[in-house]
Amino acid sequence: MADVGRGNRTVMLYPRFDPGNPADRLGLVREVVALANSGGGEILFGVESPGGDRPGLDRATGAFFDAESLSDLIDGSVAPGHVAISTGSAQADRPGRHVISVVVDPPEKPPLVFSKEGRYPTEAGEVTIFQRNTVVTRHGARTGLATGADHRRWIDAAVRGERQRMLQVLTLASSLPPGASLSIVHEAGEVSSEPRALLDRAVRSWRADPSKLLGRQDLLVLFLARKALTLDDPTWDLVLHSALRRRATLWFWVDRVFPEPARTERLLLEAVAGSDRDRSDAASSIVDLAALLLDSPRHAKVVAALASSHYRHFRDAAEGGGDRQVVLERLVRLRDRQVNGGPLRRAREHEIEEVADELGRALLGPVPANTAANRLLGPVGFELMLRHHRELGTALEIAAAGGEQTSIFVDRD
């Protein structure tokens with residue numbers, strides 16, 4: 001294993017990996033958690049050294065690196081919190097083999113703590129890779145136990161950011177019943193009457209630096225207050241750009257704005273060219289919106305921009321998402337996700353709205369919601385969007401079934 005720096009990002013190299021070897025599996029859990037606690041980074045599997053040979057992994061080994069399964073493996077070893085992971089692949093030097101990339105995002109509330117022992121038996125006795133109730137992080141090019149300085153850094157960050165956001169969230173969540181006023185309590189103690197104050201600060205920061213987008217919790221605060229929001233176009237652009245990167249609430253905002261093709265194309269091309277670091281979710285979001293909301297020429301332009309990006313996840317997304325039919329077939333399957341004992345497509349609209357609010361509150365609660373809640377919010381928003389724009393839902397069903405795409409994809413300018 002080796003490390004190489006890419007700007008401010010840590011990139012770890014694994015020349016080989018055996019998913020059947022418990023030492024490899026537990027070692028991967030340890031390194032991913034350490035990488036998350038140190039601010040995130042990337043692990044490349046099947047690469048010998050920086051700029052060196054890329055022998056890659058065989059197909060059977062590569063199949064182990066499914067993002068959802070990998071997240072579940074890591075989440076089962078830590079508490080509290082969730083490790084956000086995205087994966088990608090690229091052709092290796094050897095035919096039939098691929099280099100696998102695992103991108104690890106920093107947790108919302110560091111540090112992640114091991115919730116169980118990571119050990120496996122050998123003929124000489126048990127080997128321990130990590131211990132329960134310990135914290136690991138990266139110190140330069142090595143992984144080790146967190147120091148007092150590490151914990152002070154996490155505490156300082158929590159004081160500056162998390163207390164303010166959680167106070168806003170809890171104040172907002174307590175005033176959600178119909179007719180109640182919305183308020184946000186800021187760190188200095190002043191009270192504003194609506195979440196617009198959050199957006200005003202965010203817009204000022206974004207205009208000064210386009211890489212400063214809304215965070216996951218900010219988007220969830222706004223999501224819970226979505227019915228009371230009346231925003232101008234530039235502010236909606238900030239919300240949409242932010243949701244492209246943190247996509248749990250993306251479809252709710254698309255539903256509200258339902259941007260015409262020219263605006264959709266502009267937003268997606270800006271996202272491809274953006275300079276922000278947190279873009280691992282953006283690749284799939286861009287592919288999905290382009291396939292669903294753009295005509296063929298605009299769709300081709302966005303895919304071409306992804307394919308020519310210096311960001312490998314965008315190039316991988318262009319390769320996997322260039323086939324519009326495949327993307328639409330995947331999107332229409334979101335309507336079959338289960339809520340209240342049945343598929344979303346058969347639920348009543350008021351039931352879906354209630355589920356959406358429950359999921360939003362759970363994701364912002366003092367006890368972190370599980371991964372399943374985070375994954376369900378997106379399909380719930382997608383179904384509501386199709387209910388509110390029925391012509392799009394009809395066109396999607398026809399196109400996903402192999403029929404000719406109707407005018408919803410081409411005539412909304």
Worksheet item: Give me the pairs: first residue in the range 375-398 and closer than 18 Å to residue 289 by Cβ, second residue surrounded by 18 or more Cβ atoms within 10 Å (Cβ to Cβ) and of a type in the set (Ser, Thr, Tyr), beta-carbon distance under 9 Å, and six or more apart or on different chains, which are they?
Response: 377/249; 378/249; 381/249
Practice prompt. Starting from the range 189-204, keep only residues that are assigned to a helix (DSSP H, G or I), then list their pairs with residues that are at pLDDT below 75 whose Cβ atoms are within a distance under 7 Å, requiring at least 6 positions of separation or different chains.
Written response: 197/184; 198/168; 198/184
Worksheet item: Within the bounds of the range 139-147, is there any residue that is modelled with pLDDT of 95 or more, among the aliphatic types (A, V, I, L, M) and in a loop (DSSP other than H, G, I, E, B)?
Response: yes
Fill in: Neighbours by Cβ (under 7 Å, 6+ apart or cross-chain): first from the range 341-352, at negative phi; second polar (S, T, N, Q)
347/340; 351/340
Practice prompt. Identify all residues within the range 65-85 that are touching a Phe, Trp or Tyr at 6+ places or on another chain (Cβ under 9 Å) and either modelled with pLDDT of 90 or more or buried (at least 16 other Cβ atoms within 10 Å of the Cβ) (or both); write none if there are none.
Written response: 65, 70, 77, 78
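Table: residues versus (1) assigned by TED's automatic domain parsing to the domain that holds residue 88; (2) out of contact with any Leu (no Cβ under 9 Å at 6 or more places or on another chain); (3) of a type in the set (A, V, I, L, M); (4) buried (at least 22 other Cβ atoms within 10 Å of the Cβ).
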residue	(1), (2), (3), (4)
284	no, yes, no, no
288	no, no, no, yes
296	no, yes, no, no
302	no, no, yes, yes
312	no, yes, no, no
320	no, yes, no, no
325	no, yes, no, no
Worksheet item: Taking the range 8-36, which residues are without any contact (Cβ under 8 Å) to a residue 60 or more places away in the chain and either buried (at least 22 other Cβ atoms within 10 Å of the Cβ) or of a type in the set (Gly, Ala, Ser) (or both)?
Response: 12, 20, 28
Response to the item:
In the set 214, 231, the lone residue that is of a type outside the set (Val, Ile, Thr), surrounded by fewer than 18 Cβ atoms within 10 Å (Cβ to Cβ) and not in a helix (DSSP H, G or I) is 231
Item to complete: Can you tell me which residue among 88, 62, 56, 39 is modelled with pLDDT of 90 or more, on the phi > 0 side of the Ramachandran plot and surrounded by 21 or more Cβ atoms within 10 Å (Cβ to Cβ)?
Response: 56
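Scan the range 220-261 for residues that are in contact (Cβ under 8 Å) with a residue 60 or more places away in the chain and either closer than 21 Å to residue 287 by Cβ or in contact with a strand residue (DSSP E or B) (Cβ under 6 Å, 6 or more places away or on another chain) (or both) and jot them down. Even if it seems obvious, please write down each step before you answer.
Initial filter on the range 220-261 (in contact (Cβ under 8 Å) with a residue 60 or more places away in the chain): 220-221, 223-224, 247-252, 254-255, 258, 260-261.
247, 248, 249, 250, 251, 252, 254, 255, 258, 260, 261 - these are the residues of the range 220-261 that are in contact (Cβ under 8 Å) with a residue 60 or more places away in the chain and either closer than 21 Å to residue 287 by Cβ or in contact with a strand residue (DSSP E or B) (Cβ under 6 Å, 6 or more places away or on another chain) (or both).
The values are calculated or read from the model by the stated rules, or taken from the named source; none is laboratory data. Small disclaimer: the values here were computed from a predicted structure and weren't measured. Because the Cβ atoms are built from the backbone with ideal geometry, glycine has one as well, and the counts that use them run over all protein chains shown.
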